[in-house]
1. If I filter segment B:193-209 down to residues being more than 19 Å from residue B:174 (Cα to Cα) and surrounded by 19 or more Cβ atoms within 10 Å (Cβ to Cβ), which single residue comes out as nearest to the chain's Cα centre (by Cα)?
2. What's the number of the only condition in (1) within 29 Å of residue B:127 (Cβ to Cβ); (2) at the interface with chain A (Cβ under 8 Å from one of its Cβ atoms) that residue B:85 fails to meet?
3. What are the pairs with Cβ atoms under 7 angstrom where one residue, in segment A:88-103, is more than 7 Å from chain B (Cβ to nearest Cβ) and surrounded by 21 or more Cβ atoms within 10 Å (Cβ to Cβ) and the other, located anywhere, is β-branched (Val, Ile, Thr) and in a helix (DSSP H, G or I)? Sequence gap at least six, or different chains.
4. Could you say which residue among B:40, B:126 is more than 14 Å from chain A (Cβ to nearest Cβ) and part of a helix (DSSP H, G or I)?
5. Would you check if there is a residue in segment B:64-77 being away from chain A (no Cβ under 11 Å), polar (S, T, N, Q) and not in a strand (DSSP E or B)?
6. Cβ-Cβ distance below 8 Å, separation of 6 or more or different chains: which pairs start in segment A:1-26 with a residue that is within 8 Å of another protein chain (Cβ to nearest Cβ) and in contact (Cβ under 8 Å) with a residue 40 or more places away in the chain and end on one that is open to solvent by 100 Å² or more (accessible area, probe 1.4 Å) and not acidic (Asp, Glu)?
7. Tell me the residue from B:177, B:153, B:135 that is under 16 Å from the mean Cα position of the chain (by Cα) and open to solvent by less than 60 Å² (accessible area, probe 1.4 Å), please.
8. Please note which helices (runs of 4 or more DSSP H) are completely contained in segment A:13-101 and include at least 1 residues that are small (Gly, Ala, Ser) and within 30 Å of residue B:158 (Cα to Cα).
Amino acid sequence: MYKVWIFLKRRVVTFASYRMALVMSFLGVLLSSLQFYFMSRMLGDGLYIPSLSPYGGDLMSYLIIGSSFLGLVNVGLTSSSGAIRNEQLTGTLEFLLMSETPLWQILAYSAVADFLSAAVGTVVVFAAMALCIGMEVHANLVAAGVVLLLAVISMSGIGLMSAGMIMVTKQGDPVSWVFGVLSGFMSGAVFPVELLPSALRYLSRLLPSSHALSALRKAITANASLSEVSGDVASLALLALVYVPLGILALSQGFNIARSRGGLAEY
Amino acid sequence: MVHTERLTKAFDGSSLAKRRPVTALCDVTMEVKKSEIFTLIGPNGAGKSTLIRILSTLLLPTSGEAWVNGYSIVRDGVRVRASIGLSPGGERSFYFRLTGRQNLEFFGALQGLPHRTIRQRINEVLDLVDLTSDADRQFMTYSTGMRRRLSIARSLLSSPPLVIMDEPTASVDPASASRIREYMLELKRAGHTVILTTHNLHEAEQLSDRIGLLQEGRLGPVDTPTNFRQASRQRHVRIKVLDSGSGCSGLVHALGGIPSVLRVTEQGECLTLITSDCAHTLTAALTAIVQSGLAVDSVTAEPPSLEEVYLALTGGLVKSV
């Protein structure tokens, strides 16, 4: 826990020292909330869409949960490669690697800090929507928490593959690009997966974000219990079991290639 | 403490990065003893940093093997890293927005220092490098000397048996450099082994128990500073003549013609001859001086400075050793 605290402290101290960035982050969250607010005004008392009925049917809730939580789940995808890139630029990567803490743990601590930062923004947007537009929230927090945790862990597996790639390529890795684009397109963030052609529907099942968003919507708006979202939870657990070992393997390979080429500190 | 066996590192070329293939280290076999200060000297690009990065497990050797504190750098990376404190030459290895103390706390925690004792240990190392009063300033406000001292403090956090310092006094003002040299001697007294790289040969001579010369990836002579100088066949012969009023400038040409003399300089009544054969030079030079009607006041013969030996070994100013 101490190491998690140290990473959080570094994040907070660094972030707070950049005042303009701090102000702009708050403005960003405010503008996101305003954007959803005016969209709800446009839709009036809400728009019931039949194809959204498994998720409560309300378009506004569907969009808010989709876009807010996709960003949160994608933290697992982008955090590790972002951390490697930042440490390369700061010149501290080699000193992190010289420590007794394994690299994957360092990336995990960094991801916790990233996740908590993103979670603050999501909670603020959510709270603002619940208060301003009366978005109905009947949340099962246990189910939502378990789904979110498994989603971030399985996405982190892909994130570790991406970090392994960044170790070698330094900038621009196809792993996070492909998964990021596919997550935005076919994980059900802005339209239900059920509308996709069957081939793409099967493909979307390989994305942790698809299962995460489906289960989170049910858990947050319909108070679905853990057993009611057990199918998605099992899929997320299975994807985590596949992606995390693959991620650690890819990270280790990338690390050894960079160590062999002498490019650990290069960026 | 450190043993390397035919350590070789070759980098592949890359047409994209406009990098040609290079052998940075070639068959380096050496031993660094416990509690000694071992200094690596050599021109830029000689392979010093490559060797240090291999010993620190940040770079894999192409062939050969090395052991630190008894652990293989290839197979026991975690134990090797636990045995090493690395203090790099650059200034970009800290978080600029954190204070010196916060930086040490961060890296100390990653080193596995327990929460209960980390603050006390940070205070100890800050005190050792005289940074206590500046510990709560942001790192970005530190001078170059303070950054180097904080880097040394970080390398000592976990009290590792081996401390590696890469050009610790480069770009540092004389007062700070002097303090850094004192820390190194304190480390040695406290039982740490220190591997140092430097281009400051006076510093190398002053601090080192032994010096190793790396050149084009190959390890040349390894010896004590005194033996390094004594092993050179060169001698500086200083002859002071009694002033006859006419000076001794006329002698410079004659003495320069002696086959074993490499260089002659004149400063007032004092002639300095750099020679590769002391006995022959002395006989010939004294004969020439007497024949010119001058009298000799005193003669001294000294080995060359480490810098002169280095220049000779690396193809610098002097013709041969």
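The values are calculated or read from the model by the stated rules, or taken from the named source; none is laboratory data. Computed from a prediction, not measured in an experiment: that's the story for all the values here. Note: ideal-geometry Cβ built from the backbone for every residue, glycine included; neighbour counts use all protein chains shown. Quick note on the areas: whole protein, heavy atoms, side chains included, nothing else; ligands and nucleic acids left out. Shrake-Rupley method; radii C 1.70, N 1.55, O 1.52, S 1.80 Å.
1. Ranking the qualifying residues of segment B:193-209, first place goes to B:195.
2. All conditions pass for residue B:85, except number (2).
3. A:93/A:84
4. B:126 is the lone residue from the list that is more than 14 Å from chain A (Cβ to nearest Cβ) and part of a helix (DSSP H, G or I).
5. Yes, segment B:64-77 contains a residue that is away from chain A (no Cβ under 11 Å), polar (S, T, N, Q) and not in a strand (DSSP E or B).
6. As it stands, the answer is none, since no pair meets every condition given.
7. When all the criteria are applied, what remains is B:177.
8. Because the criterion is at least 1 residues that are small (Gly, Ala, Ser) and within 30 Å of residue B:158 (Cα to Cα), the helices (runs of 4 or more DSSP H) in segment A:13-101 that meet it are A:75-90.
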